[in-house]
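Nothing in this text is a laboratory measurement; each read-out follows from the coordinates by a stated rule. All values derive from a computational prediction rather than experimental measurement. Cβ atoms come from the backbone with ideal geometry, glycine included; neighbour counts cover every protein chain shown.
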There are 2 protein chains.
Amino acid sequence: MTDATPPLSAEASQLRSAIVRLSRRLRNERAVDSMSDGQLAVLGILKMHGTHTLGELADRERVSAPSMNRTVNCLEQDGLVSRSPDEADRRKVNIALTAEGIAVVEETLRRRDAWLEDALLELSGDERRRLRDAVDVIARMAER
Amino acid sequence: MTDATPPLSAEASQLRSAIVRLSRRLRNERAVDSMSDGQLAVLGILKMHGTHTLGELADRERVSAPSMNRTVNCLEQDGLVSRSPDEADRRKVNIALTAEGIAVVEETLRRRDAWLEDALLELSGDERRRLRDAVDVIARMAER
DNA sequence: TATTGTTATACTCTATAACTATA
DNA sequence: TATAGTTATAGAGTATAACAATA
């Protein structure tokens with residue numbers, strides 16, 4: 001597709017702009033509009049990586065423990081997560097998704113995917129292939 | 001690279017995950033750590049699209065006018081933007097970047113690009129080409 | 001004594017409603 | 001009378017410091 005290698009700086013700048021803009025557009029699609037980004041992020045972590053303690057959630061989201069405590073309180077009041085004391089170390093509290101929490105996070109991801117699926121269907125076969133070929137490279141860069 | 005077309009749902013899901021994660025990683029790189037996302041977004045709009053009125057900025061960021069007013073107050077106090085009454089319609093106020101505001105937004109973009117440039121240099125030539133071929137597709141999807 | 005979670009308190013960012021100046 | 005911007009006030013979300021329970 002592209003033959004000559006363009007200047008590195010232009011390549012980085014264009015990539016950054018495209019990634020940030022698509023991400024912002026995606027974020028608009030969510031199951032519960034009243035839910036904050038922070039709350040949704042916690043549900044996503046629990047969905048993807050299973051039960052966490054409060055401290056683990058705070059570390060993952062790079063947020064203070066009191067702040068995460070408040071977020072978890074809201075989610076607990078809404079019935080989306082449950083707290084239960086850890087058997088081995090009773091200082092710890094395990095936070096897990098409830099059935100309703102699972103439903104909310106799956107619906108949000110479903111909406112975001114649905115928006116993307118619509119967009120993918122408007123692409124040509126070649127454009128879709130180019131996107132597909134880049135996905136694993138993007139994912140690996142994010143882990144850096 | 002990829003020959004068979006995978007299920008649309010898996011394709012969308014993997015793309016969403018990769019885009020969101022790389023975007024989050026990029027956001028960490030900024031010139032002034034004490035500056036909020038909202039403030040930086042305003043500087044970015046002014047840098048990219050030139051002078052705006054308060055209402056235009058509020059509309060673009062999908063935020064209320066009082067909220068944008070406060071954001072602009074902070075930027076003005078920090079000397080990053082200037083207010084000047086519109087000549088034609090004196091109800092309006094034009095908000096523009098100062099020299100210092102230009103420097104801050106350029107430094108932030110430079111940092112983000114620098115991080116990306118480092119990451120690009122660690123890729124193979126083939127990986128970089130795949131990324132390059134996808135950028136304009138991603139940019140177009142974001143505009144949808 | 002150190003660690004985990006929680007409460008107390010304050011600051012920032014957001015919003016709606018009311019106000020001022022101009023069209 | 002309508003519109004652009006601002007001010008007043010209140011509701012989330014965040015942080016640091018202090019506290020309680022457990023290791």
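Points to keep in mind about this one:
- Unmet criterion (only one of (1) more than 9 Å from chain B (Cβ to nearest Cβ); (2) in a helix (DSSP H, G or I); (3) within 17 Å of the chain's Cα centre (by Cα)) for A:Arg30: (2)
- Flag if A:Ala10 is part of a helix (DSSP H, G or I) and either within 14 Å of chain B (Cβ to nearest Cβ) or of a type in the set (S, T, N, Q) (or both): yes
- Looking only at residues in the range A:1-22 that are out of contact with any Lys or Arg (no Cβ under 8 Å at 6 or more places or on another chain) and hydroxyl-bearing (Ser, Thr, Tyr), the one that is nearest to DNA strand D (Cβ to nearest atom) is A:Ser17.
- Residue within the range A:74-97 that is in contact with a helix residue (DSSP H, G or I) (Cβ under 9 Å, 6 or more places away or on another chain) and closer than 20 Å to B:Arg21 by Cβ present: no
- In the range A:51-60, the condition of being farther than 30 Å from B:Arg129 by Cα and within 14 Å of chain B (Cβ to nearest Cβ) is met by at least one residue.
- Annotation note: of B:Arg60, B:Arg144, the sole residue that is in contact with a His (Cβ under 9 Å, 6 or more places away or on another chain) and of a type in the set (Lys, Arg) is B:Arg60.
- Qualifying residue in the range A:44-57 (condition: surrounded by 15 or more Cβ atoms within 10 Å (Cβ to Cβ), among the basic types (Lys, Arg) and closer than 14 Å to A:Leu97 by Cα): yes
- Residue in the range B:69-78 that is loosely packed, with under 14 Cβ neighbours inside 10 Å, closer than 19 Å to A:Arg25 by Cα and away from chain A (no Cβ under 14 Å) present: no
- Screening A:Glu106 with (1) out of contact with any helix residue (DSSP H, G or I) (no Cβ under 7 Å at 6 or more places or on another chain); (2) within 16 Å of DNA strand C (Cβ to nearest atom) gives one miss only, at (2).
- Qualifying residue in the range B:99-111 (condition: touching a strand residue (DSSP E or B) at 6+ places or on another chain (Cβ under 8 Å) and either surrounded by fewer than 16 Cβ atoms within 10 Å (Cβ to Cβ) or more than 30 Å from A:Leu8 (Cβ to Cβ) (or both)): no
- At least 3 residues being more than 10 Å from DNA strand D (Cβ to nearest atom) and under 16 Å from the mean Cα position of the chain (by Cα) is the threshold, and among the helices (runs of 4 or more DSSP H) wholly inside the range A:35-144 those reaching it are A:37-49, A:54-61, A:99-121, A:125-143.
- Selected residue [buried (at least 17 other Cβ atoms within 10 Å of the Cβ) and either within 14 Å of chain B (Cβ to nearest Cβ) or part of a helix (DSSP H, G or I) (or both)] from A:Arg16, A:Arg24: A:Arg16
- Of all residues in the range B:100-144, those being β-branched (Val, Ile, Thr) and either without any contact (Cβ under 8 Å) to a residue 40 or more places away in the chain or at the interface with chain A (Cβ under 8 Å from one of its Cβ atoms) (or both) number 3.
- Members of the range B:33-50 found to be among the hydrophobic types (A, V, I, L, M, F, W, C), near DNA strand C (Cβ under 9 Å from one of its atoms) and away from every other protein chain (no Cβ under 14 Å), listed by number: B:Met35
- Total residues in the range A:27-77, condition in contact (Cβ under 8 Å) with a residue 24 or more places away in the chain and in contact with a Ser or Thr (Cβ under 7 Å, 6 or more places away or on another chain): 6
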